[in-house]
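The values are calculated or read from the model by the stated rules, or taken from the named source; none is laboratory data. Owing to the predicted nature of the structure, the values given are computational and were not obtained by experimental measurement. Here the Cβ positions follow ideal geometry from the backbone for every residue, glycine too, while neighbour counts run over all protein chains shown.
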Amino acid sequence: MSDRLMLLDTASLYFRAFYGVPDKVKAPDGSPINAARGLLDMIAKLVSTYQPTHLVACWDDDWRPQWRVDLIPTYKTHRVVEVVPHGADVEEVPDPLEAQIPLIRAELTALGIPIIGVAEHEADDVIGTLATRATTPVDIVTGDRDLFQLIDDARDIRVIYTARGMSNLETLTDVSVVGKYGVLPSQYADFATMRGDASDGLPGVAGVGEKTAATLLQTHGDLTGIRAAAQAGEGMSAGVAGKILAASDYLDVAPTVVLVARDLDVSVPAEPLGHLDDNAKDAAVALAETWNLGTSMTRALAALPA
């Protein structure tokens with residue numbers, strides 16, 4: 001079997017598990033475990049279906065980096081529950097999910113799945129860097145459209161999109177992105193910059209929606225070309241040019257916020273998935289018994305390649 005790297009947008013998955021898996025089953029001490037069990041089931045399905053040889057759980061060491069906020073102060077503002085001066089702001093996370101984060105990290109470690117995060121960066125940036133540095137095909141598992149910018153058929157980098165649920169996974173390629181949005185993945189960051197994204201607190205260019213953004217990119221190639229054409233008054237209506245010019249301050253900084261990093265100090269782990277020895281497997285089973293993870297851990301262990 002040829003090598004294939006799978007990169008998990010881990011928070012995207014455990015949030016989905018938390019909201020999608022009933023919390024009827026508890027740990028022996030009554031603690032919630034629905035997100036932890038749900039994530040194990042997701043991993044079992046993903047590994048069984050796509051058969052990666054290497055798997056990384058990419059982590060938000062900083063879910064709202066200050067350098068992005070400095071450029072666009074509204075970035076993810078609606079998800080902040082506590083502002084921490086000179087530190088990472090506190091994200092709105094339900095207490096029953098917050099309590100499961102240590103267990104989630106423990107179960108990933110028990111399965112031999114490396115957890116990789118980078119200070120002052122989001123999981124998206126880790127994914128961008130590892131996908132860029134990979135020498136094998138890559139599957140990126142996420143419910144975040146921002147990562148569509150990494151899709152690259154020439155390098156066999158795909159997105160396994162979870163927005164419709166784990167029973168309706170979509171495998172997105174160049175053709176998929178063009179079909180959905182009318183732009184290439186390499187144009188997607190510029191497209192998202194102009195369209196904006198309320199879920200990330202990005203205002204976009206007022207009056208420029210998806211169709212207009214796609215048409216502008218089809219005509220002018222990228223945001224630099226669009227801004228130059230607007231300045232020259234060529235290749236678009238005066239109304240659209242006026243909207244682009246009026247958004248100059250935003251367009252000066254937004255691309256830096258939207259683009260995922262591709263040059264962080266991280267490397268693709270050499271250790272393949274499924275390298276657990278008997279002692280490690282016994283430890284994973286013991287963790288499952290302690291926390292009542294039951295068949296979810298069993299399925300995850302069984303899915304690992306021999």
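Below is a table of values for the structure above.
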{"quantity": "Single residue of 287, 273, 301 found to be of a type outside the set (Val, Ile, Thr) and in contact with a Leu (Cβ under 6 Å, 6 or more places away or on another chain)", "calculated": "273"}
{"quantity": "Residues satisfying the stated conditions in region 40-74, i.e. under 19 Å from the mean Cα position of the chain (by Cα), under 15 Å from residue 254 (Cα atoms) and buried (at least 19 other Cβ atoms within 10 Å of the Cβ)", "calculated": "64, 65, 68"}
{"quantity": "Out of 262, 227, sole residue that is of a type in the set (D, E, K, R) and assigned to a helix (DSSP H, G or I)", "calculated": "227"}
{"quantity": "Residue 155 under 22 Å from residue 126 (Cα atoms), basic (Lys, Arg) and surrounded by fewer than 18 Cβ atoms within 10 Å (Cβ to Cβ)", "calculated": "yes"}
{"quantity": "Tally, over region 44-87, of residues that are in contact with a strand residue (DSSP E or B) (Cβ under 8 Å, 6 or more places away or on another chain) and part of a helix (DSSP H, G or I)", "calculated": "4"}
{"quantity": "Residue check for residue 25: modelled with pLDDT under 95, assigned by TED's automatic domain parsing to the domain that holds residue 270 and closer than 18 Å to residue 303 by Cβ", "calculated": "no"}
{"quantity": "Subset of region 161-178 (residues that are over 18 Å from residue 16 (Cα atoms) and either in a loop (DSSP other than H, G, I, E, B) or in the same structural domain as residue 254 (by TED's automatic domain parsing) (or both))", "calculated": "173"}
{"quantity": "Test: residue in region 206-219 that is surrounded by 18 or more Cβ atoms within 10 Å (Cβ to Cβ), assigned to a helix (DSSP H, G or I), at pLDDT below 95 and under 24 Å from the mean Cα position of the chain (by Cα)", "calculated": "no"}
{"quantity": "Residues of region 84-130 satisfying the condition of being modelled with pLDDT of 95 or more and of a type in the set (Val, Ile, Thr)", "calculated": "101, 104, 109, 113, 115, 116, 118, 126, 127, 129"}
{"quantity": "Qualifying position, being of a type in the set (Ser, Thr, Tyr), in a helix (DSSP H, G or I) and touching a helix residue (DSSP H, G or I) at 6+ places or on another chain (Cβ under 8 Å), among 267, 186", "calculated": "186"}
{"quantity": "Failed item in (1) surrounded by fewer than 14 Cβ atoms within 10 Å (Cβ to Cβ); (2) closer than 28 Å to residue 44 by Cα, with residue 252 passing the rest", "calculated": "(2)"}
{"quantity": "Residue 249, sole failed condition from (1) outside any helix (DSSP H, G or I); (2) modelled with pLDDT of 95 or more; (3) not aromatic (Phe, Trp, Tyr)", "calculated": "(1)"}
{"quantity": "Flag for residue 100 being crowded, with 23+ Cβ neighbours inside 10 Å and more than 17 Å from the chain's Cα centre (by Cα)", "calculated": "yes"}
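Matching residues to (1) surrounded by fewer than 19 Cβ atoms within 10 Å (Cβ to Cβ); (2) at negative phi; (3) in contact (Cβ under 8 Å) with a residue 24 or more places away in the chain:
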residue: 142; (1), (2), (3): no, yes, yes
residue: 145; (1), (2), (3): no, yes, yes
residue: 159; (1), (2), (3): no, yes, no
residue: 167; (1), (2), (3): yes, yes, no
residue: 179; (1), (2), (3): yes, yes, no
residue: 183; (1), (2), (3): no, yes, yes
